[in-house]
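The structure under discussion appears below in the form of structure tokens.
Every number here is computed from the coordinates shown, using simple stated rules; none is lab data. Here the structure is a predicted model, which is why all the values come from computation and not from measurement. Quick reminder, even Gly has a Cβ in these numbers, built from the backbone with ideal geometry, and neighbours come from all protein chains shown.
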Amino acid sequence: MDEQLAEIVKLSKRLEKEEAKVRKTKEEIKALEEQLIPIFTKLGMQRARVSGRTVWLDRKVRASAGGDMEALCNTFHMSKDETLRAMVKETVNGNTLGAWVREFDPDNVLSPEQITKKLPKEVRDVINVTETINLRIRASE
């Protein structure tokens, strides 16, 4: 087991170094993008081919509730526009659900099956409790 622990720490350190290189490369790319996007726009270019690669402008438009999801949902729900009304759906927030389920195992020792048995009867059949277990490593020096 000591050899395996030493190996996983060694690999973790290698991964940290490689991730640092990737972060630096991404920063360099971002800096060049900031220079090239205005040039593409000014010249009206959509794409260019260089060294067997295509470089293009990729514009994505996103929208959000602007911090008031309830108001947005109410406005859409009351709209005469069916397209807007169809966007409003009742859902359960996954993070909130997970936190609620974890409250049934405060000591973090029960199996998913044991946790499921502790849930209220009316929800046991509609909630799927699972677990993943991983080793985590961080610098401790």
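Would you be able to tell me the number of residues in the range 10-67 that are more than 30 Å from Val88 (Cβ to Cβ), among the small types (Gly, Ala, Ser) and under 26 Å from the mean Cα position of the chain (by Cα)?
Number of matching residues: 3.
Can you name the residue in the range 56-90 that is in contact (Cβ under 8 Å) with a residue 12 or more places away in the chain and among the aliphatic types (A, V, I, L, M) and is also surrounded by the fewest Cβ atoms within 10 Å (Cβ to Cβ) among such residues?
Leu57
Would you confirm, using the coordinates I've provided, whether Thr96 is exposed (fewer than 10 other Cβ atoms within 10 Å of the Cβ), assigned to a helix (DSSP H, G or I) and within 21 Å of the chain's Cα centre (by Cα)?
yes
Given the criteria basic (Lys, Arg) and within 30 Å of Lys117 (Cβ to Cβ), does Arg102 qualify?
yes
If Phe104 satisfies every condition in (1) touching a residue at least 12 places away in the same chain (Cβ under 8 Å); (2) assigned to a helix (DSSP H, G or I); (3) among the aromatic types (Phe, Trp, Tyr) but one, which is the exception?
Here Phe104 clears every test but (2).
Could you tell me which numbered condition Ile127 fails, if it satisfies all but one of (1) in a loop (DSSP other than H, G, I, E, B); (2) on the phi < 0 side of the Ramachandran plot; (3) without any contact (Cβ under 8 Å) to a residue 24 or more places away in the chain?
All conditions are met except number (3).
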